[in-house]
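See structure below.
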Ligand SMILES: Cc1ncc(C[n+]2csc(CCOP(=O)(O)OP(=O)(O)O)c2C)c(N)n1
Ligand SMILES: [Mg+2]
């Protein structure tokens, strides 16, 4: 294995579409961003010989949707006080966050080649003092949600429309600090706060059920005063619709349970607890890249087929 080098940086800076782009175009843009982020992140982890690829891959569709089409943020003005805030509470998936920030213009793509190297800004956990676009230093689980509640309360006191989003792991919710913060969020009626749970049902070495069961998570969140919604966390359309529509209930913070698979969509990683902290070897890297290419080809074929059935022709859709 060679070290991570500039030739391993294949991501293009994709940027955002116009906010007036159609929903279909936004979804296609998010899908392409998520694909490229996965390709790049695989190389980051393989060549750095470290990272959390399983948790990265369960979260990338949420990250691509937020940065690609939902958050009111601008890489040219990253400190705008009125920007939306996003906090990655599951800070171990820093590689996925850095790659996403690079895709959307917050970080030069070339900087990704420094991932986890000595003196790099791109450490194993994100640091807001080093990386533009990172809102909070996270890594110790259970800190991001309380920080997000502080941001949302501050926005409310400012009578501001800015929104705060936080992504937590599901195992992470076993930390009691989250539930204290959720009580405060509902006490202060922070309806511009959205908690997204990456509900992959796995934590570091086992399932959440075996470790400290969270179910019924929807009822627990509702009992803590949240409006609860469940989505397929790999479906860009569902994510876009829900995350851009919050708050879903005036006066209540929102709790989005995003059902995901750790390692999605790579066959040998998906839903396999071993891939929390495992690094793909040369052959596994090759297979994962191939699988992502194959999925893209399948998706393209499906889009063409759908477009054909959706477009009426002058002879009523019948073949001449
Ligand atoms: C307070 C704390 N305890 C332990 C760890 C070590 N650790 C890092 S990731 C992880 C598992 C997290 O599981 P989950 O929140 O479900 O994340 P995901 O499945 O999305 O990777 C653990 C125990 C940590 N970072 N912080
Ligand atoms: Mg988990």
Requested in this report: Rank-order 224-230, 270-276, 253-259 by packing density, defined as the average count of other C-beta atoms within 10 Å over each peptide's residues, highest first.
Outcome: 253-259, 224-230, 270-276
Query raised in the report: residue 220 versus residue 25, label points 7 Å from Cα toward the beta carbon: distance in nm?
Result: 4.3
Report task. For a quick protection proxy, order the peptides 38-47, 78-87, 177-186 by their average other-Cβ count within 10 Å, most packed first. Result -> 38-47, 177-186, 78-87
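Given the Cα-Cα distance of residue 49 and residue 307 and 0.36 nm per residue of separation, how much length would full extension add, in nm? If you can, show how the numbers build up before the last one.
Values: separation 258, 0.36 × 258 = 92.88 nm, distance 4.21 nm.
Result: 88.7 nm gained on full extension.
Could you tell me how many cubic angstrom of Cα convex hull volume segment 22-308 has per residue? It would help to have the intermediate numbers written out before the result.
Values: hull volume 36.7 nm³, N = 287.
It is 128 Å³ per residue.
Report the FRET efficiency, 1/(1 + (r/R0)^6), for residue 206 and residue 232, where r is their Cβ-Cβ distance and R0 is 25 Å, rounded to 0.05. Walk me through the intermediate numbers first.
Numbers: r = 24 Å, r/R0 = 0.95.
FRET efficiency, residue 206 to residue 232: 0.55.
For residue 293 and residue 125, what is the calculated FRET efficiency with R₀ set at 51 Å and r taken between the beta-carbons, to the nearest 0.05?
On the way: r = 31 Å, r/R0 = 0.60.
It comes to 0.95.
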Report summary line: So for R0 = 30 Å, FRET eff. of residue 245-residue 282 from the Cβ-Cβ r, to 0.05, ends up at 0.10
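Taking the highest mean first, how do the peptides 144-154, 192-202, 106-116, 21-31 order by number of other beta carbon atoms within 10 angstrom per residue? Could the numbers behind the result be given before it?
On the way: 144-154: 22.1, 192-202: 26.2, 106-116: 19.1, 21-31: 16.4.
Ranked by mean Cβ neighbours within 10 Å, highest first: 192-202, 144-154, 106-116, 21-31.
Every number in this text was worked out from the coordinates using simple rules, so none of it is lab data. Since we're looking at a predicted model, the values are computed, not measured. Glycine gets a Cβ as well: all are built from the backbone with ideal geometry, and neighbour counts include every protein chain shown.
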